[in-house]
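Take a look at the structure set out below.
The values are calculated or read from the model by the stated rules, or taken from the named source; none is laboratory data. Just so we're clear, the structure is a prediction, and the values are computed from it rather than from any experiment. Each accessible area value is taken on the protein alone, full model and side chains, heavy atoms only, with ligands, DNA and RNA left out. Shrake-Rupley method; radii C 1.70, N 1.55, O 1.52, S 1.80 Å.
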Amino acid sequence: MKIGDLVTLSATGLNLHQNNIVRCAKFGMIMKIYGPDYSSVFRINWYMPRDTKVGARRTSLGMIRNQQHRRYEIKKLKKNT
């Protein structure tokens, strides 16, 4: 994965209690990567619908929440064909 990739939570990420808030996100974008390998930490901006009632900041795109995740918590967003 690289900076700018669109991601969602993986099955493991969905099961972790610490990710409850970002479950309502449509998708996330990798903004920064800390570390060179599989144990890297990814800083992700999660984009949520405007009507989301969570701790996030409002923008013209909707709501954004910034959160860090390990690689096993996320997966690449698949294109709809």
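Ranking Phe42, Phe27 from most to least accessible surface, computed with a 1.4 Å probe over the protein chains only, gives Phe27, Phe42. Summarising the amide proton neighbourhood of Leu6: residues at separation of 5 or more, or on other chains, whose placed amide H is nearer than 5 Å comprise Leu77. Backbone phi angles across segment 69-76, fed through the Karplus curve with coefficients 6.51, -1.76 and 1.60 (θ = phi - 60°), yield HN-Hα couplings of 9, 7, 4, 5, 7, 10, 9, 5 Hz in residue order; Gly and Pro are listed as x.
Amide H contacts for Ser40 (H built 1.01 Å from N in the peptide plane; partners 5 or more residues away or on another chain; cut-off under 5 Å): Arg71. Annotation: extensible slack from Ile3 through His17 equals 2.5 nm (criterion: 0.36 nm per residue apart, minus Cα-Cα distance).
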